[in-house]
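What follows is a set of notes on a single structure, which appears directly below.
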Amino acid sequence: MRKIVGVASCPAGIAHTYMAAESIEKAAKRYGYEVKIETDGAGGVENRLTETDIEEADAVIVAADTVVEMDRFKGKKLLEVSVRDAIRNVDRIFEKIESGEIGIY
Amino acid sequence: MNIVSEELLFLDINVKDKRELIEMFSEALFQSGRISDREQFIDDIYERESIVPTSLGDLLAIPHALSSSVAATSILYARLIDDIRWNDEENAKYIFCIAVPKANKDNVHLKILSTIARNLLDDEYRKVLLTTKSKEEIIELIAGTSC
């Protein structure tokens, strides 16, 4: 199964972080991906991506309005989006991934 | 203290603008002993809004703050009769407000809040918030969330 991993993080980390994660997870399932989204919220990092997760991923989505640790994604196909787009325009994100028009980080 | 109660829910009301709504939320939190400083809470809500507005389309907005003025994690909800301007691009009619004490970094409430935030994307959950006449039903919906 194809796999998507990602990170969601918003400034306060108590609402939009989790909505973005939920939105990406739902869409990923709809598009037939296995999915794991790390949430960097006020309560700390949950569902942390492991090296294996990242290695296995066909694409990475970073939905953050904050600074997240990016080095770990070097060499992966990666799309950076706003938290808002992850919640509101998630289909467009997946259309981009499906069309293959995303760059290598 | 429960995370929500009847005096924090406002169904089918009118406010003239965003400021009045946030002030109303702040007053309700103060009157129920959930915050210590009305102005501080308002400032913290606006500070978060200034980074990225919390409107999400579909007339839904979720203002929230981690604030030193907050004594007890609380959720407020207002359903307006007429929508109000939320930011330069969007209006809001259904407003879900979340108040979290700043000192509480890893309390169980954060887990519950994250679940509630996720639930807000669920059509059935939203339908209740958009249509119910019963505050009881909203309290059950929110209080019934476990992590």
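Quick note: the coordinates plus some simple rules give every number you see, no bench work behind them. Note that this is a predicted model, so its numbers are computed, not measured. So basically every Cβ, Gly included, is an ideal-geometry build from the backbone, and we count neighbours across all protein chains shown.
Just a few scattered comments:
- Ranking of B:THR54, A:THR50 by count of other Cβ atoms within 10 Å, fewest first: A:THR50, B:THR54
- Counts of other chain beta carbons within 10 angstrom of each beta carbon in peptide A:3-15 average 5.
- Three-way shape call for the range A:57-105 based on the alpha-carbon gyration tensor, with the a/c threshold at 1.5: oblate
- Neighbour cut-off at most 13 other Cβ (10 Å), DSSP loop, trypsin sites (Lys or Arg not before Pro), the range A:23-90: A:ARG48, A:LYS74
- Pairs of lysine residues in the range A:3-99 - Cα separation under 14 Å, sequence separation of 8 or more or cross-chain: 7
- Of all lysines in the structure, those lying under 17 Å Cα to Cα from B:LYS102, and not within fewer than 8 positions of it along the same chain, are B:LYS111.
- Per-residue [θ]222 nm for chain B (sum of -39500 (n - 2.57) over DSSP H runs n ≥ 4, rounded to 500): -12000 deg cm²/dmol
- Separation in nanometres of the label points that stand 7 Å from Cα toward Cβ, at B:ASN87 and B:ASP12: 3.1
- Footprinting exposure proxy ranking of B:SER114, B:SER36, fewest other C-beta atoms within 10 angstrom first, gives B:SER36, B:SER114.
- This ranking places A:MET1, A:MET19, B:MET24 by how few other beta-carbon atoms lie within 10 Å of each, fewest first, which gives A:MET1, B:MET24, A:MET19.
- Rounded, prolate or oblate (a/c below 1.5 giving rounded, otherwise prolate when a/b exceeds b/c) for the range B:6-103 by Cα gyration tensor: oblate
- Placing +1 on each Lys and Arg Cβ and -1 on each Asp and Glu Cβ, with no other charges, gives chain A a dipole about its Cα centre of roughly 240 debye.
- Within the protein assembly as shown, percent of DSSP bridges classed antiparallel, to nearest 5: 35
- Among beta bridges that DSSP assigns inside chain B, antiparallel share in %, nearest 5: 50
- Computed over chain B: relative contact order in percent, which uses C-alpha pairs under 8 Å that are six or more apart: 26
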